[in-house]
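One structure is given below, encoded as structure tokens.
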Amino acid sequence: MTAAPPGRLRGELGLADVVAQAASGVGPIYSAIVFVPLVTVGASGFGAGGAVPLCILVAAVLLMAVARVFAGFARQVRTPGSLYDYLKLSLGRRAGTVFGLLFYACAIAAFVNGTLTFGGLAARLAEHLTGHALPWWLAALGGLAVVALSVSRGITLAVHLQLAVSVVSIGAVGLFAAWVLVRSPHLFAVARTGLVPSAQSHGLAGVMMGLSFAFFMYGGFEGAASLAEECRNPTRAIPRAMILTIWVNGAFYLLTAFAALAGFGADAERLGGQDMPLLALAVDPRYGGPAIEAILMAMTIADVLAMITAGSIAIARGLLCLARDGVLPAAFARTSAGRGVPVLPNLVLLGGTAVLVVVIRAAAGAAAGQDAYRGWFIWIGTFASLNLLIAWCATCIGGFVMGRRGGGDRGTRVCAATGTVATLAVIAVTLGLLEGTTRLVPLASALLALAGWWAMRPARS
């Protein structure tokens, strides 16, 4: 078993804290509100249609296999490098570095997009409540300031805030979704059709297309591993948190997907035409009104803020691990004397993101709102999604290799094989959806991987 280096990261976190980190990293409210239309109609009108709950359920089952592989590694590794440490153990230091770089590049990209999303939603809520426009970039910088304050005060405060946000937001949005189901006359119709491919869902092909988007609704569960050195019993709590996060979020997504379908009259085309279907239903007087819409939007904003806080925690600890192994400069491995918080990783991540927000604002010119950063958002999001899939796939391969060496039972090897096939299939679908400048995303990922491979080349004697 890999022992945690003494005197570095400090904490006494329990299972609830680790679950909060994993669940917040997924961003369940944002995923439920934004990804359901994408699962329904895909990127070009070809998706799961009315079978969106089926896609969410199948994705949960497949991601449970991936999570079990991660959980197997978490029972052996007590350092916070997550996927980097797992692949270093199973595939060697060079492969671990390559896929570790891709994984943390993905996490940083997701953090940037989360910050942009927070800015856009906060500006929209401010205008809804006051009638006055708030610049999105100013709201984004404000969100970064809140994250900086949270993570600088120590890990305990940060995860407790995440836990509070998760409980309140999931509870509020879940109650609204249940209310929609109770009030809708289409409850029994969607209950009969939501888990069955049909002509409306373009059959099995449409379900497969929708599944490629449903996968990303669970991304972030692996963030639990970043707390390995700050958890009282990491080999027990972290595996449980990963599995529990998939199940809880899967149940929540099913509830919100059925509610969205029922609220829009079991009409998949109407549902797919909405950017944020639950917020659209909140305006409908049958289900809510302006006050309910404002509450749900506030819950979504809080969820996004918790999501980028979780991202900051995971990224900082990942960069710290890379520095400990000499992949990054040693300064990235230093922690604050008082609270044991990574210093330089947080400064670089938060400061770099703030600079990028200002650059995007300057490049946008007269464009306002989401139009100001939409192009950036799509490219960065595609980069994050592709690299996350690659990282999951590599971890499953690593899990299979470990299993063949005798480091896991037969069930783990089956899960590793299942996860490998599933992630490869979704990678293929994702590559087929690339268009415009996003076609450069695989090239960017390949260049980053080659840089990591070259940096870890054996020294000449």
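Within the stretch 17-32, can one find any residue that is farther than 20 Å from Gly219 by Cβ and touching a strand residue (DSSP E or B) at 6+ places or on another chain (Cβ under 9 Å)?
Looking through the stretch 17-32, at least one residue is farther than 20 Å from Gly219 by Cβ and touching a strand residue (DSSP E or B) at 6+ places or on another chain (Cβ under 9 Å).
Of everything in the stretch 239-292, what is farther than 21 Å from Thr193 by Cα and not hydrophobic (A, V, I, L, M, F, W, C)? Give them in sequence order.
The answer is Pro239, Arg240, Thr245, Asn249, Asp275, Asp284, Pro285, Arg286, Tyr287, Gly288, Gly289, Pro290.
Does the stretch 274-281 contain at least one residue that is buried (at least 21 other Cβ atoms within 10 Å of the Cβ), in a loop (DSSP other than H, G, I, E, B) and in contact with a Leu (Cβ under 6 Å, 6 or more places away or on another chain)?
no
If you go through the stretch 335-356 one residue at a time, do you hit one that is farther than 30 Å from Leu134 by Cβ and loosely packed, with under 12 Cβ neighbours inside 10 Å?
yes
Go through the residues of the stretch 181-189 one by one and say whether even a single one is surrounded by 24 or more Cβ atoms within 10 Å (Cβ to Cβ) and under 24 Å from Tyr30 (Cα atoms).
no
Filter the stretch 313-328 down to the residues that are without any contact (Cβ under 8 Å) to a residue 40 or more places away in the chain and not in a helix (DSSP H, G or I), then identify the one that is nearest to Arg93 (Cα to Cα).
The extreme case among them is Gly326.
Looking only at the stretch 282-308, filter to residues that are crowded, with 19+ Cβ neighbours inside 10 Å and of a type in the set (Gly, Ala, Ser); which one of those is farthest from the chain's Cα centre (by Cα)?
Checked the stretch 282-308; the qualifying residue farthest from the chain's Cα centre (by Cα) is Gly288.
Residue by residue, here is whether (1) within 22 Å of Pro28 (Cβ to Cβ); (2) of a type in the set (A, V, I, L, M, F, W, C); (3) modelled with pLDDT under 90; (4) in contact with a strand residue (DSSP E or B) (Cβ under 7 Å, 6 or more places away or on another chain) holds:
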| position | (1), (2), (3), (4) |
| --- | --- |
| Leu129 | no, yes, yes, no |
| Ala133 | no, yes, yes, no |
| Trp136 | no, yes, no, no |
| Ala140 | yes, yes, no, no |
| Ser150 | yes, no, no, no |
| Gln162 | yes, no, no, no |
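Tell me which residues, restricted to the stretch 381-429, are assigned to a helix (DSSP H, G or I), modelled with pLDDT under 90 and buried (at least 20 other Cβ atoms within 10 Å of the Cβ).
Of everything in the stretch 381-429, those that are assigned to a helix (DSSP H, G or I), modelled with pLDDT under 90 and buried (at least 20 other Cβ atoms within 10 Å of the Cβ) turn out to be Met402, Gly403, Thr412.
If you go through the stretch 43-53 one residue at a time, do you hit one that is among the aliphatic types (A, V, I, L, M), part of a loop (DSSP other than H, G, I, E, B) and surrounded by 20 or more Cβ atoms within 10 Å (Cβ to Cβ)?
yes
So which of Gly318, Gly265, Gly326 ends up being modelled with pLDDT under 90 and farther than 18 Å from Val36 by Cα?
It is Gly326.
Do we have Ala260 as touching a Ser or Thr at 6+ places or on another chain (Cβ under 9 Å), part of a helix (DSSP H, G or I) and either of a type in the set (Phe, Trp, Tyr) or surrounded by 23 or more Cβ atoms within 10 Å (Cβ to Cβ) (or both) here?
Against the criterion (touching a Ser or Thr at 6+ places or on another chain (Cβ under 9 Å), part of a helix (DSSP H, G or I) and either of a type in the set (Phe, Trp, Tyr) or surrounded by 23 or more Cβ atoms within 10 Å (Cβ to Cβ) (or both)), Ala260 qualifies.
A quick yes/no check of all residues on (1) at pLDDT 90 or above; (2) charged (D, E, K, R); (3) in contact with a His (Cβ under 6 Å, 6 or more places away or on another chain); (4) under 28 Å from Thr235 (Cα atoms):
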position	(1), (2), (3), (4)
Val19	yes, no, no, yes
Val36	no, no, no, no
Gly47	no, no, no, no
Ala60	yes, no, no, yes
Ala74	yes, no, no, yes
Pro80	no, no, no, yes
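The values are calculated or read from the model by the stated rules, or taken from the named source; none is laboratory data. These numbers come from a predicted model, not from an experiment. Because the Cβ atoms are built from the backbone with ideal geometry, glycine has one as well, and the counts that use them run over all protein chains shown.
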